[in-house]
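What follows is one structure encoded as structure tokens, with my remarks underneath.
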Ligand SMILES: *Cc1c(COP(=O)(O)O)cnc(C)c1O
């Protein structure tokens with residue numbers, strides 16, 4: 001067993017079933033190992049069947065997840081191999097640590113509160129290359145893969161061709177670093193800084209620093225800024241005790257004791273080493289955070305080699321800001337652009353393609369890709385792999401830019417286009433033919449793909465509302481954690497997802513597998529269906545004119561009065577009999593089988609109970625009529641019952657909220673016993689989730705909190721800002737105090753602003 005499982009080191013590791021796109025012709029599918037992990041929100045074991053259908057044959061499964069039913073299910077997959085372990089996560093970690101032991105190159109491990117990803121990306125930008133002995137072939141964590149799972153997946157990328165590894169480690173609570181240390185085993189450590197992030201997971205600041213320092217237990221060198229006095233102290237107190245041989249290299253901008261003393265005059269840096277050697281450099285960024293990150297990079301470079309000032313400056317000049325996320329923009333001819341023009345490696349391509357899959361608001365998908373630089377792999381292997389990824393993701397049109405891609409054109413689909421340079425593409429490509437598509441633009445830095453983005457971007461608005469989907473995911477996870485795994489989640493995407501873009505938000509929510517969506521009107525639901533959303537959708541204002549559409553698009557109405565119940569019931573019944581009329585012949589044939597199997601599945605509806613809001617909804621006294629009607633209409637089924645608190649955000653209404661909760665429970669009890677089944681019950685909105693976890697019942701309805709507003713005000717700092725409005729300043733003018741501005745002299749300047 002032990003030796004067998006170690007064979008998995010050389011396979012392709014997958015922990016997210018969505019990474020396999022379902023092309024069983026994919027030559028790599030035989031190499032895939034799926035690690036089924038029982039996560040907080042999902043159980044990976046639920047996707048084994050799906051992956052088996054897609055051709056995956058190797059699975060690591062957790063003993064505790066193997067119920068008798070599941071074991072029976074797995075027996076059907078006779079030609080698959082299942083490795084039964086106590087913890088799939090620990091197994092991934094063990095395998096990655098084993099893999100790391102066989103690699104003998106410098107490995108840089110980065111931790112700290114902020115800047116880990118930027119320092120990692122910048123170091124890679126500064127050190128990558130293939131021209132001189134100071135150039136490295138770098139393996140690095142994709143994006144911010146720095147968690148208990150992200151780190152082993154990052155380290156797994158290491159292969160014989162790499163000459164340097166750069167990995168980041170992030171922890172949120174005590175005792176997490178030990179596992180990461182064993183996997184990264186950095187030879188050089190960077191401790192970026194210490195701040196308040198994740199304070200809640202630690203007893204004291206010192207404990208947090210101590211935990212982070214564990215990453216360097218076996219390192220040869222540690223780099224940090226001695227202006228962080230606490231890091232300095234704990235390093236000497238704790239780390240030196242367990243790793244006395246470690247070489248500590250420090251820098252300071254404040255004249256504290258350090259290996260390197262830096263002085264800054266705007267962005268001009270003078271860096272003097274304790275042995276007297278000095279460098280004068282012009283930094284490409286001047287904000288304090290960037291300067292700190294740059295100094296970590298420079299000191300790390302100087303630790304690796306003795307560089308000339310000219311080379312250091314030349315390398316600094318090629319740095320570009322690191323955009324942490326893919327940006328989605330409005331394009332010309334009704335296209336949507338996904339701008340990933342800052343970096344290009346295979347791991348990044350895989351991530352960008354899965355984002356493209358998730359966010360395809362247009363049916364056609366196009367990928368514009370540059371040569372992949374410094375992969376360290378033989379050219380033919382590399383482009384075979386790229387082509388497989390492209391084919392596996394149903395890309396309509398592939399555009400390759402660069403000499404290397406051009407000479408490997410034969411491995412790509414026939415309709416693909418190739419251009420030797422970005423200029424050639426801009427000059428020759430027929431931009432008019434590009435329309436109604438989602439276009440991924442992904443290129444390595446030397447190709448300057450921002451020029452392509454500029455050409456494809458629709459430039460009509462000086463003002464842009466930016467929606468940060470990563471922040472949205474963060475907020476979603478915050479509420480998920482609050483409600484726990486046993487309570488379902490309905491997310492309100494009404495009103496254009498609170499102004500954030502309903503289809504994009506819904507696609508993200510579908511990707512994260514929420515249970516239900518809700519919209520205000522049928523047309524909002526139709527738009528979602530037309531963009532590939534197949535989650536159940538509740539429509540809160542189902543006007544009779546839209547009943548046709550509700551049926552056609554499988555949208556589920558909120559029923560709040562006897563009038564609307566009768567109208568909907570009558571409509572469903574008529575629609576059912578027309579359907580049966582049309583299908584009469586078929587029906588005759590099927591009549592020989594079980595008769596009731598002919599009835600269409602009952603239509604889901606959602607009953608709104610009025611427990612005190614006194615707007616829409618049934619009062620308890622009306623429930624007898626509701627039940628009587630439903631009993632006579634077996635074509636209708638109550639999927640959920642719900643009510644709404646009038647003041648969940650405000651403590652002054654706590655007693656009323658409790659009264660509403662109790663009234664709601666009473667109504668649901670009446671319904672359940674009269675109907676003979678148990679609809680899903682839900683009461684809480686965003687503020688309610690934060691303030692009344694005891695009322696969460698079977699499902700909650702998340703609204704404004706997802707979009708970054710914590711309505712109860714208790715936990716605003718736990719949420720991230722989702723929307724940012726950016727605009728262009730047209731003119732700045734100096735106006736004297738006492739003068740007026742604009743129409744009718746209504747605005748007077750009374751204060752002098754300096
Ligand atoms: C909008 C809405 C919600 C969500 O409320 P938030 O305060 O935004 O969380 C919940 N339930 C119903 C019925 C709604 O209309």
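Any read-out appearing in this document is the output of simple, stated calculations on the displayed coordinates, not a laboratory observation. Predicted model, so just to flag it, every value in this text is computed and none were measured. Here the Cβ is made from the backbone with ideal geometry for all residues, glycine too, and neighbour counts use every protein chain on show.
Between the beta carbons of residue 624 and residue 520, assuming R0 = 51 Å, the FRET efficiency works out to 0.95 to the nearest 0.05. Using the alpha-carbon centroid of each, what span in Å lies between the stretch 25-93 and the stretch 143-166? After rounding, the separation between the Cα centres reads 23 Å. Against the main long axis of the alpha-carbon atoms of the chain, helix 288-304 sits at an angle near 50°.
What distance in nm separates the two pseudo spin-label positions at residue 411 and residue 69, each 7 Å out from Cα along the beta-carbon direction? Computed distance between label sites residue 411 and residue 69 equals 4.4 nm. Spatial offset of the stretch 419-443 relative to the stretch 643-669 amounts to 57 Å, using the alpha carbon center of each.
A full extension of the chain between residue 423 and residue 746 corresponds to an added length of 111.0 nm, given 0.36 nm per residue minus the alpha carbon distance.
For the chain, the longest principal axis of the alpha carbon atoms and the long axis of helix 88-101 meet at an angle near 20°. Distance between the C-alpha centres of the stretch 216-260 and the stretch 269-291: 19 Å, rounded to the whole angstrom. Can you tell me how the stretch 2-86 classifies by the Cα gyration tensor, rounded, prolate or oblate, using a/c under 1.5 as the rounded cut? Here the stretch 2-86 falls in the rounded category.
Using the Cβ-Cβ distance between residue 172 and residue 578 with R0 = 56 Å, the FRET efficiency computed as 1/(1 + (r/R0)^6) comes to roughly 0.45.
Taking 0.36 nm per residue of separation and subtracting the Cα-Cα distance, full extension of the segment from residue 311 to residue 666 would add 120.2 nm. Only Cα sites of the chain enter the Debye sum here, all with the same form factor; the resulting log10 I(q)/I(0) across q = 0.05, 0.08, 0.09 1/Å is -0.33, -0.83, -1.03, listed in q order.
Here residue 346 and residue 277 are evaluated by their C-beta separation; at R0 = 45 Å the FRET efficiency comes out at 0.70. For the Cα atoms of the chain, what angle does the longest principal axis make with the long axis of helix 346-358, in degrees from 0 to 90, nearest 10? Approximately 20 degrees, to the nearest 10.
Panel note: the C-alpha atoms of the stretch 602-691, placed on their principal axes, show extents of 43, 23, 21 Å (largest first). Working from label points 7 Å from Cα in the Cα-to-Cβ sense, the residue 552 to residue 220 distance is 7.0 nm. Per residue, the chain reaches -10000 deg cm²/dmol at 222 nm when only DSSP H runs of four or more residues are counted, each adding -39500 (n - 2.57). Note on residue 334 and residue 264: the extension gain reaches 20.5 nm, defined as 0.36 nm multiplied by sequence separation minus the Cα-Cα distance.
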